[in-house]
Amino acid sequence: MSIMVDGESRIVVQGITGSEGSFHTSQCIEYGTQVVAGVTPGKGGMLFEEKVPVFNTVSEAVEKEGADVAMIFVPPAFAADAVKEAADAGVRLAVCITEGIPALDMVEVVAYCKSRGTRLLGPNCPGVISPGKAKVGIMPGFVHQEGSIGVISRSGTLTYEAVDQLTRLGLGQTTSIGIGGDPIPGTSFVDCLEMFAEDPDTKGVVLIGEIGGTAEEEAAAVIADDYPLPVVSFIAGSTAPPGKRMGHAGAIIAGGKGTAAEKMKALSEAGVTVVDSPSVIGQAMTEILSG
Amino acid sequence: MKLHEYQSKKLFQQQGIKVPEGGVADTPAAARAVAEDLFGKGASRVAVKAQVHAGGRGKGGGIKLASSPEEAELFTEGMLGTSLVTPQTGPEGVQVRSVLIEAGADIATELYLGVTLDRSNQCAVVIASSEGGMAIEEVAAEKPEAILRELVDPGWGLQGFQARRLAYGLGLTGVPQRGAAKVILQLAQLFQDLDSSLVEINPLIITADDEVVALDAKINIDDNCLFRRPDLVELRDLSEEDVLEVEASEHNLTYNALDGTIGCMVNGAGLAMATMDEILLAGGSPANFLDVGGSASAETVANAFRILMKAPDLQAVLINICGGIVRGDRVAKGIIEALDQVEVNVPVVVRLQGTNAEEGRRLLAESSLEFTLAETLNEAASKAVEMSQ
C-alpha cells in the first residue's frame with residue numbers, strides 16, 4: 001500500500017499552462033499519474049497536450065472530472081488563493097509546490113484548509129510520490145522504486161539521495177513525502193508518521209530534518225510514545241551559523257533554538273537511529289531491518 | 001529583511017505607538033543640530049544610538065547618553081565610520097553609518113513586548129515579559145515564568161481581552177495598564193500590516209508620568225512578501241548586507257558567506273547543508289552555503305561559479321549536483337562554460353548524480369579543464385578536504 005496518493009488518485013493541476021506547471025505535468029503523466037484536469041483562469045476550454053481538459057475554476061474540475069487531489073504551481077502572489085480555491089472545491093489533498101509564499105499568507109491558508117477538511121502538503125516542497133502508482137510533484141521518478149520504506153523530508157534533493165540509496169539496496173519506498181522547507185507547512189512530520197504507522201506495507205521510516213523550528217522534536221515525542229516502526233533520521237545543518245537563513249525560509253536557528261544538535265538529541269532519546277552522514281541512511285535502515 | 005531602529009520607529013509612530021522625540025544623523029554636525037533642538041525643547045540628556053542591523057548595541061558601546069549637544073557631537077564622531085562589535089556581530093563588527101539622537105526618557109518600568117510567528121501553533125504569537133531590557137532568549141532560559149504569551153487566531157486577530165490579560169499579567173494597573181494594552185493591540189496590527197516576521201520593543205517603558213513609550217524598536221520583514229511591498233523594499237539598506245550575498249540574490253541564488261576554505265555549490269538547500277556537514281565530518285570547513293536551486297540551468301551554474309570564486313581564503317571547490325529535474329549534462333556544460341570564463345586557481349571536485357549524470361561526467365572528462373570526479377557525497381567531501389590542505 002501507500003499513503004496520500006495512489007493509482008486511484010485523480011489529479012487537477014493548478015497553473016498547468018505555466019512553464020513549470022506544464023513541464024512537470026508532462027513528467028507526472030509520463031510516470032503514469034492520472035492527471036484528469038488542469039486549471040488556469042482564462043484558459044478554460046483548451047486541452048493540455050491534446051488530452052487533459054483545462055478549466056477556469058477548480059470546482060469545475062472537481063465536478064466534471066472527479067479530481068480529488070490538486071497539484072499547485074501557481075506563482076507566490078496568487079498561490080494562497082489557489083490553495084484556498086482547491087480546499088473550497090473539496091479536494092482531499094492539495095500539494096503546493098510553489099516556493100516564496102509569504103508566511104502570514106500561509107498562516108491563513110493552513111487555517112482555511114483545516115476548516116474545509118483538506119490536507120495541505122507544502123508549500124515549497126517537491127510533492128509526494130507512491131512509486132509505481134502516482135507521482136504528484138517534481139521529484140525524479142526514476143530514482144524511486146516500489147518497496148517498504150516511508151520517507152518524510154523537509155528537503156528536496158537531499159531526499160532523492162536517501163531514496164536513491166533505498167532503491168539501490170532493494171528496500172524501495174511505499175511513499176516518499178516532501179513536507180517542504182517553509183516555516184508554516186500544511187503537513188508535519190507527525191502527520192506523516194501517523195499515516196505511515198497505519199500503512200501495513202511500510203516497514204520503516206526515514207525522516208530527514210533540518211535546522212529551524214521544532215518539527216523534529218515534535219516527531220521525537222510521537223516516536224518515543226511506542227511508535228510501531230523503526231525510524232532512521234538525518235538532520236541537515238550541523239555546521240549552519242545561527243541567525244542565517246540557509247536557503248529554505250524555515251531553515252534558521254533563531255535565538256539559539258532549532259539547532260541540529262538539539263534535534264538529533266531529541267530523536268536519539270526517542271529511540272531513532274540518527275546518522276551523521278546522509279550517505280549511510282540506506283545502510284542504517286538495512287541493518288535495522290535485517291537485525 | 002531587517003529595518004533600522006529609526007525606520008522602525010517611524011512605522012511605530014504611524015501606528016500610534018509613542019516613541020521618544022529625535023532624529024537620525026550621518027555627520028557629527030547633524031547630530032549636534034538634532035541634540036540642540038532636543039535640549040532646546042527641555043531634554044535633560046540625549047541618547048546617541050548607532051544604527052546598525054545588530055542587537056546588543058549597548059554592550060558594544062553603540063548607545064551612549066550625552067548631557068550636552070557638544071557631547072552628542074563627540075560621541076557621534078566616535079561612532080561614525082567605526083566598526084561596532086556586539087554579541088550579535090562577528091569579531092569584525094559592523095560599520096556604523098548613521099546614529100539616532102533621541103531625548104532621554106524618565107524610566108519607571110521596563111518591559112518586553114514582541115510579536116512573531118509561532119511555528120508549532122502555526123499562527124502569530126504576542127510575547128510579553130516584565131524583564132524588559134534583557135534579551136528575551138536569556139529571560140526564556142533563566143526565568144521562563146516571566147514570559148507571557150497570547151496566540152493570535154488567524155481568523156479573528158488579537159482580541160482586546162487578550163491584550164488586557166497580558167497587561168495585567170505584567171503587573172500593570174490603572175493608566176499604564178490601559179496604555180500597555182493599547183500598544184499590544186497596535187503592535188499586533190503592525191505585525192500583520194507589515195508582513196513581518198518579527199516586531200519587537202525592548203524595552204517598552206512606563207515613564208514616571210505613566211506614559212507607555214517604545215524606547216527601542218526592531219522590525220524584520222518576511223523576505224517572501226517583498227514582491228508586493230515596494231514601500232518596504234525602499235527601506236532595505238544594502239550596505240548592511242554581505243556584498244556577495246547581495247550579488248547572489250540578484251541572480252536568484254542563495255548564498256551565505258562562512259569563514260572556512262572549501263567553496264560549495266549545491267542544488268537544493270537541504271543537500272547544500274548536508275554537503276557542508278559532510279565537509280566538517282571529513283575534517284574541513286565550508287567557505288559558504290550556496291544553493292543554486294532545485295532546477296539549476298547552465299547559466300545559474302555559471303553565475304554561481306563567478307560568485308564562488310570571489311570568496312576569500314578559498315582553497316578548493318566542491319560541486320555537488322543531484323540531478324532530478326535538472327539534467328546532469330546541462331550542469332556539466334554550465335561548469336565547463338564558467339570555468340572557461342572565470343580564472344580558477346584552486347582544485348575543483350565535482351559530484352554529479354541523477355538524471356543524465358553519466359553524460360555530464362563524460363562531458364567533464366572530455367573537456368580540457370581539470371576536475372576531480374567523485375561518486376558519493378562522503379568521497380567528494382574527503383577529496384575536497386584533502387585537496388584544500
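A few comments on the model shown:
- Remark: the Cα gyration tensor places chain B in the prolate category, a/c being 1.5 or greater and a/b exceeding b/c.
- Peptides A:271-283, B:277-289 ranked from most to least packed give B:277-289, A:271-283, packing being the mean of other C-beta atoms within 10 angstrom over each peptide's residues.
- For B:G132, neighbours were defined as the other residues whose beta-carbon sits under 10 Å from its Cβ, and their charges (Lys and Arg +1, Asp and Glu -1) total -3.
- Chain A: relative contact order in percent, alpha carbon pairs under 8 Å with at least 6 residues between: 14
- Using C-alpha pairs below 8 Å separated by at least 6 residues, the relative contact order for chain B is 12 percent.
- Each Cα pair under 8 Å and six or more residues apart adds its sequence gap; the mean of these over the residue count of region B:216-371 is a relative contact order of 20 percent.
- Each of B:F227, B:F191 was scored by other Cβ atoms within 10 Å of its Cβ. Arranged with the fewest first, they read B:F227, B:F191.
- With respect to chain B, whose longest principal axis is taken over its alpha-carbon atoms, helix B:328-341 is tilted by about 80°.
- Considered as an equivalent ellipsoid built on the Cα gyration tensor, region B:243-388 has semi-axes of 19, 17, 15 Å, the largest given first.
- Residues of region B:71-88 with an amide N closer than 20 Å to a point placed 7 Å from the Cα of B:K59 along the Cα-to-Cβ direction: B:83-88.
- Acute angle (nearest 10 degrees) that the helix B:5-15 long axis makes with the longest principal axis of chain B, alpha-carbon atoms: 60
- Cleavage-rule hits (GluC sites (Glu not before Pro)) in region B:305-389: DSSP loop, at most 15 neighbouring Cβ within 10 angstrom: B:E343, B:E370, B:E375
- Rounded to 5, percent antiparallel among DSSP beta bridges of the protein assembly as shown: 55
- All alpha carbon pair distances within chain A were sorted into 10 Å bins beginning at 0; the resulting P(r) in whole percents reads 7, 30, 35, 21, 6, 0.
- Sum of side-chain charges, A:K265 neighbourhood, beta-carbon under 11 Å (Lys, Arg +1; Asp, Glu -1): -3
- Listed by chain and number, the aspartates and glutamates placed with their C-alpha closer than 16 angstrom to that of A:K43 are A:E60; residues fewer than eight positions away on the same chain are left out.
- Peptide B:275-288 is shielded by partner chain Cβ atoms: per residue, an average of 3 of them sit within 10 Å of its Cβ.
- When +1 charges are put on Lys and Arg Cβ atoms and -1 charges on Asp and Glu Cβ atoms, the dipole computed for chain B relative to its Cα centre reaches about 780 debye.
- Rounded to two decimals, the Cα-based Rg/Rh of the protein assembly as shown, with Kirkwood Rh, is 1.00.
- Ranked by how many other Cβ atoms sit within 10 Å of their own Cβ, fewest first, the residues B:L148, B:L113, B:L339 fall in the order B:L148, B:L339, B:L113.
- Cα-Cα separations in region A:171-257 greater than 16 Å, expressed as whole percent: 54
- Farthest towards the positive end of the charge dipole of region B:243-388, among the residues B:L290, B:L280, B:I336, is the Cα of B:I336, using unit charges on the Cβ of Lys, Arg, Asp and Glu.
- FRET efficiency, 1/(1 + (r/R0)^6) with R0 56 Å, evaluated for B:Q95 and B:S120 via beta carbons: 0.90
- Loop-located trypsin sites (Lys or Arg not before Pro) in region B:14-102, at most 10 other Cβ atoms within 10 Å (DSSP): B:K41
- Considering only beta bridges that DSSP places wholly inside region A:1-132, some 10 percent are antiparallel.
- Over all other residues within a Cβ to Cβ distance under 13 Å of B:T173, the charged ones net out to +1, with Lys and Arg as +1 and Asp and Glu as -1.
- Here, region A:207-291 yields an orientationally averaged convex hull projection of 5.5 nm² when only Cα atoms define the hull.
- Relative intensity of region B:306-389 on a log10 scale, I(q)/I(0) at q = 0.11, 0.14, 0.24 Å⁻¹, equals -0.27, -0.44, -1.25, per a Debye sum over C-alpha point scatterers of equal strength in the absence of solvent.
- Distance between region B:117-170 and region B:286-361 - C-alpha centres, whole angstrom: 45
- Sparsely packed loop sites in region A:198-291 (the GluC sites (Glu not before Pro) outside DSSP H, G, I, E and B with at most 13 other Cβ atoms within 10 Å) comprise A:E198.
- Normalised per residue, the volume of the convex hull around the Cα set of region B:21-104 (Å³): 70
- Beyond 29 Å in Cα-Cα separation lie the following of the pairs A:K114/B:K18; A:K244/B:K9; B:K2/B:K333; B:K310/B:K333: A:K114/B:K18; B:K2/B:K333.
- Neighbouring partner chain Cβ atoms per residue of A:248-258, average, 10 Å criterion: 4
Coordinate-derived values only; no laboratory data. Keep in mind that this is a model prediction, so the values were computed, not measured. Note that each Cβ is placed from the backbone with ideal geometry, even for glycine, and that neighbours are counted across all protein chains shown.
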